[in-house]
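Since every read-out is calculated from the coordinates, none of them should be taken as a lab result. Keep in mind that what you see is a predicted model, and the values were worked out from it rather than measured. Using ideal geometry, Cβ is built from the backbone for each residue, glycine included, and neighbour counts are taken over all protein chains shown.
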Amino acid sequence: METTANPALRADAQRNLTRILAAAREVFAEEGVEASIAQVAERAGVGTATIFRRFPTKDHLLAAVIEHRIEEIAETTRRATESKDPAKGLRQLMARAIEIYIHDRGLCESTGTALFDKPRIHELADEVNAGIEALLARGKDAGAVRTDITAADISMLLFAVASAGLKLEPAAPGAWHRYLDVVLDGLRPEGARPLSRRVLTRAQLDAAWEGCPQRER
């Protein structure tokens with residue numbers, strides 16, 4: 001006689017998965033990619049065998065955590081593009097993306113590594129880039145953003161403020177907002193002068209993202 005799986009067992013397995021992913025996000029954000037599966041298991045209140053049944057290696061678990069973080073940025077991008085004020089939407093997107101990077105050491109240390117070389121992560125990154133391009137186009141049409149700024153420029157400006165924020169956060173939490181304000185003022189067309197260098201190529205941008213400064217511990 002054919003039997004069906006025990007619904008209670010499926011529910012228990014789902015609860016374990018939820019706890020594992022929540023714990024992994026916390027542990028890798030705090031400790032970086034060197035954190036162990038044992039640390040995640042302890043935080044989640046499960047055995048390491050339970051984790052390895054769902055994630056064959058630590059990299060599989062890290063990739064799942066990274067995908068979740070990039071999904072957060074993609075969701076922020078979706079909301080930002082719906083803003084009636086493109087400049088306000090761009091500010092919200094940049095602020096949230098920087099905040100995520102500053103408070104997630106594991107994400108920062110993983111940026112530019114093979115952990116990002118997953119189809120879904122590429123898909124989400126492309127969505128974020130398209131959203132930035134859409135916000136810039138609307139901002140330029142509205143006269144709120146200088147016409148020579150590209151999505152690649154925004155990516156590097158995000159990287160610059162996030163890098164400063166990583167150093168500043170332990171001593172001066174939130175101080176990075178000051179530098180984001182300066183950056184955003186620099187995107188405005190009033191008083192803008194021609195830029196002294198060409199926009200970065202995709203290859204240059206990818207190479208730049210391979211290095212991410214570690215937070216002071």
Checked region 134-176 for anything in a helix (DSSP H, G or I), surrounded by 15 or more Cβ atoms within 10 Å (Cβ to Cβ) and of a type in the set (D, E, K, R); matches are Arg138, Lys140, Asp153, Lys167
Cβ pairs under 6 Å, 6+ apart or interchain, first in region 148-161 and farther than 12 Å from Leu180 by Cβ and free of Cβ contacts under 8 Å to residues at least 24 places away in the same chain, second polar (S, T, N, Q) and part of a helix (DSSP H, G or I), ordered by first then second residue, are Ala151/Asn129
Residue that is nearest to Leu184 (Cα to Cα) [pool: residues in region 93-112 that are more than 10 Å from the chain's Cα centre (by Cα) and crowded, with 22+ Cβ neighbours inside 10 Å]
Met94
Please go through region 24-81 and give me each residue that is in a loop (DSSP other than H, G, I, E, B) and in contact with a helix residue (DSSP H, G or I) (Cβ under 8 Å, 6 or more places away or on another chain), ordered by number.
Gly32, Val33, Ala35, Ser36, Gly45, Val46, Gly47, Phe55
